[in-house]
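The values are calculated or read from the model by the stated rules, or taken from the named source; none is laboratory data. Keep in mind the model is a prediction, meaning the values are calculated, not measured. Ideal geometry is used to build each Cβ from the backbone, glycine not excepted, and the neighbour counts take in all protein chains shown.
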Amino acid sequence: MGDPNLFNLQNQDVPEAPREGAPLAHRMRPSTLEEFAGQEEILAPGSALRRAIEADRLPSMIFFGPPGTGKTSLAMVIAAQTKANFRQVSAVSSGVADLRKVFAEAEDELKYRGQPTILFVDEIHRFSKAQQDALLPVVESGVVTLIGATTENPYFEVIGPLLSRCELYEFHHLEQPELMRVVKHALEDGNRGLGAASLELDGEGFETIARASGGDARAALIILETAAELAPESHKGIIPMEVIEEAIHRKPVFYQKGGDLHYDAISAFIKSMRGSDPDAAIYWLAVMLTGGEDPKFIARRMVIFASEDIGNADPQALQVATSVSRAVEFVGLPECQINMSQGVAYLALAPKSNASYRAIGSAMKDVKEEGTRRPPKHLRDAHYPGAKKLEHGTGYQYPHNFSGAVVEQDYLPPGMEKREYYSPSERGFEKELRRRIKELKASGGNSPEAPGE
């Protein structure tokens with residue numbers, strides 16, 4: 001790693017050692033690659049990123065993935081190992097002026113000392129387009145090597161020119177064994193962790209914490225620290241399961257209503273209902289509601305789903321969805337989550353058909369590509385003076401004057417007589433509708449029972 005004294009001179013923004021009393025999750029940040037947990041796909045021995053870190057020859061890159069997966073921690077490991085100047089800014093509190101100051105210092109370091117600069121931008125998705133544009137020339141020229149971290153999808157939140165100049169590394173949720181190792185390390189570490197307290201977890205404590213943390217190492221350490229604080233002294237250093245369960249209930253939920261998880265969760269919710277899995281659909285409903293998602297937004301998606309993915313395979317589905325929407329308005333949280341759960345279960349188990357969705361899509365396509373055509377003359381409005389001279393309404397056959405109200409006449413514009421848009425499936429009530437269409441087509445015209453209007 002080089003001479004420590006030289007290292008301290010060259011690295012201006014390397015984070016200080018965690019202070020006593022800092023949160024456990026902060027104190028337990030890894031300081032070496034060996035301590036780093038998870039992300040084996042990108043950090044396995046011999047991998048491109050690990051070789052680049054070990055050789056201290058890093059490209060500009062963006063780390064993206066869920067909270068608590070090690071993005072900032074890996075940046076701090078790089079800070080501890082690199083011989084380059086390491087500068088850190090937060091996109092939440094830094095503006096273009098702050099960036100220009102860093103760029104000017106980086107140019108001086110490179111020009112007068114031949115020293116490169118690594119710039120770590122946490123929450124880079126919060127930078128405006130102008131701020132991201134300011135990064136382009138210094139990244140492209142090599143004045144700084146950029147490391148950005150974001151919980152969002154960079155293809156949505158980072159400008160294309162900057163993306164094209166960076167390597168992308170996706171971070172994934174940690175697996176249970178990895179989380180258990182994180183918890184065990186924190187429990188045993190006497191310097192940064194809880195080792196001095198000589199605590200142990202009762203029963204399946206490690207598995208319970210790992211399972212409840214949802215792949216998030218920070219959440220696992222928050223649960224552990226909370227449980228340690230709640231544990232009564234009478235248990236003589238053993239943290240009982242009931243205390244662990246209480247700590248789990250106090251764990252904050254990481255969910256951004258406007259962020260990537262918002263879109264991923266609603267996508268999983270819709271796809272679970274479409275796939276007829278009520279358990280998964282209700283789980284994603286719980287994720288969104290617990291995270292503070294607007295229930296009206298979820299209810300609107302349910303109303304859309306009822307027609308887009310169920311349609312006339314179960315006409316009752318739309319009534320159920322609109323009833324849920326009204327219940328959300330009338331009852332409100334927290335009680336309306338029961339109404340929503342009932343509605344989600346119904347929609348998930350209803351027979352599925354996208355025939356209505358495909359029908360309007362095909363019709364809209366024809367209108368856009370071929371323009372709007374006028375109705376045939378016998379269907380045009382005939383209730384105004386002069387309509388008869390224009391032959392509007394002439395030849396129209398009033399269906400109720402025919403047995404079965406079936407009349408063989410054209411309802412589409414001339415030249416479109418054979419178009420078919422609605423094709424019911426063989427599922428649910430649409431099977432009956434399909435039979436009716438077939439019957440109507442076979443019946444043909446009928447003789448009038450009385451003069452038409």
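Restricting attention to segment 60-90, report how many residues are hydroxyl-bearing (Ser, Thr, Tyr), part of a helix (DSSP H, G or I) and either surrounded by 21 or more Cβ atoms within 10 Å (Cβ to Cβ) or more than 32 Å from the chain's Cα centre (by Cα) (or both). Talk me through it step by step, then tell me what you get.
Here is the first cut: in segment 60-90, the ones hydroxyl-bearing (Ser, Thr, Tyr) are 60, 69, 72-73, 82, 90.
Right, trim to part of a helix (DSSP H, G or I) and you get 72-73.
Okay, now just the ones that are also either surrounded by 21 or more Cβ atoms within 10 Å (Cβ to Cβ) or more than 32 Å from the chain's Cα centre (by Cα) (or both), so 73.
Residues flagged as hydroxyl-bearing (Ser, Thr, Tyr), part of a helix (DSSP H, G or I) and either surrounded by 21 or more Cβ atoms within 10 Å (Cβ to Cβ) or more than 32 Å from the chain's Cα centre (by Cα) (or both) within segment 60-90 amount to 1.
For segment 288-322, name all the residues that are surrounded by fewer than 21 Cβ atoms within 10 Å (Cβ to Cβ), within 18 Å of Pro334 (Cα to Cα) and touching a Leu at 6+ places or on another chain (Cβ under 8 Å).
Leu289, Gly291
Against the definition (assigned to a loop (DSSP other than H, G, I, E, B), surrounded by 14 or more Cβ atoms within 10 Å (Cβ to Cβ) and at pLDDT below 90), how does Tyr396 come out, yes or no?
On the way: assigned to a loop (DSSP other than H, G, I, E, B): yes; surrounded by 14 or more Cβ atoms within 10 Å (Cβ to Cβ): yes; at pLDDT below 90: yes.
So Tyr396 fits the description; yes.
Restricting the first residue to segment 68-97 and requiring it to be over 29 Å from Glu178 (Cβ atoms) and in the same structural domain as Ala130 (by TED's automatic domain parsing), which pairs with a second residue that is in a helix (DSSP H, G or I) and small (Gly, Ala, Ser) meet a Cβ separation below 6 Å and a spacing of at least six or different chains?
If the second residue must be in a helix (DSSP H, G or I) and small (Gly, Ala, Ser), the pairs left are Val96/Ala134.
Taking only segment 126-164 into account, find how many residues are within 20 Å of the chain's Cα centre (by Cα) and either in a loop (DSSP other than H, G, I, E, B) or outside the structural domain of Ile53 (by TED's automatic domain parsing) (or both).
Residues in segment 126-164 being within 20 Å of the chain's Cα centre (by Cα) and either in a loop (DSSP other than H, G, I, E, B) or outside the structural domain of Ile53 (by TED's automatic domain parsing) (or both): 6 in total.
Is it true that Glu370 is within 23 Å of the chain's Cα centre (by Cα) and of a type in the set (D, E, K, R)?
Working: within 23 Å of the chain's Cα centre (by Cα): no; of a type in the set (D, E, K, R): yes.
Considered against the rule, which asks whether it is within 23 Å of the chain's Cα centre (by Cα) and of a type in the set (D, E, K, R), Glu370 comes out as no.
Could you tell me which residue of segment 27-47 is nearest to Leu58 (Cα to Cα), considering only residues that are free of Cβ contacts under 8 Å to residues at least 40 places away in the same chain and within 26 Å of the chain's Cα centre (by Cα)?
Restricting to residues being free of Cβ contacts under 8 Å to residues at least 40 places away in the same chain and within 26 Å of the chain's Cα centre (by Cα), the top hit is Leu43.
Go through segment 149-163 residue by residue and tally those that are of a type in the set (Phe, Trp, Tyr) and either crowded, with 21+ Cβ neighbours inside 10 Å or in contact (Cβ under 8 Å) with a residue 12 or more places away in the chain (or both). Break it down into steps so the answer makes sense when it comes.
To start, the set of residues in segment 149-163 that are of a type in the set (Phe, Trp, Tyr) comprises 155-156.
Subsequent filtering for residues that are either crowded, with 21+ Cβ neighbours inside 10 Å or in contact (Cβ under 8 Å) with a residue 12 or more places away in the chain (or both) retains 156.
So the answer is 1.
Out of segment 363-380, which residues are surrounded by 10 or more Cβ atoms within 10 Å (Cβ to Cβ) and assigned to a loop (DSSP other than H, G, I, E, B)?
Arg373, Pro375, Pro376, Arg380 - these are the residues of segment 363-380 that are surrounded by 10 or more Cβ atoms within 10 Å (Cβ to Cβ) and assigned to a loop (DSSP other than H, G, I, E, B).
For segment 196-211, name all the residues that are touching a strand residue (DSSP E or B) at 6+ places or on another chain (Cβ under 9 Å) and not in a helix (DSSP H, G or I).
In the first step, residues of segment 196-211 are kept if they are touching a strand residue (DSSP E or B) at 6+ places or on another chain (Cβ under 9 Å); the result is 199-202, 205, 208-209.
Hits for segment 196-211 are Leu199, Glu200, Leu201, Asp202.
Return the residue satisfying two criteria in turn: it lies in segment 91-124 and is of a type in the set (Gly, Ala, Ser) and either exposed (fewer than 14 other Cβ atoms within 10 Å of the Cβ) or at pLDDT 90 or above (or both), and of such residues it is farthest from Pro67 (Cα to Cα). Let's see the steps before the verdict.
In the first step, residues of segment 91-124 are kept if they are of a type in the set (Gly, Ala, Ser); the result is 91, 93-95, 97, 104, 106, 114.
This time we only want the ones that are either exposed (fewer than 14 other Cβ atoms within 10 Å of the Cβ) or at pLDDT 90 or above (or both), so: 93, 97, 104, 106, 114.
Values: Ser93: 19, Ala97: 28, Ala104: 32, Ala106: 30, Gly114: 36 Å.
Going through the qualifying residues, I end up with Gly114.
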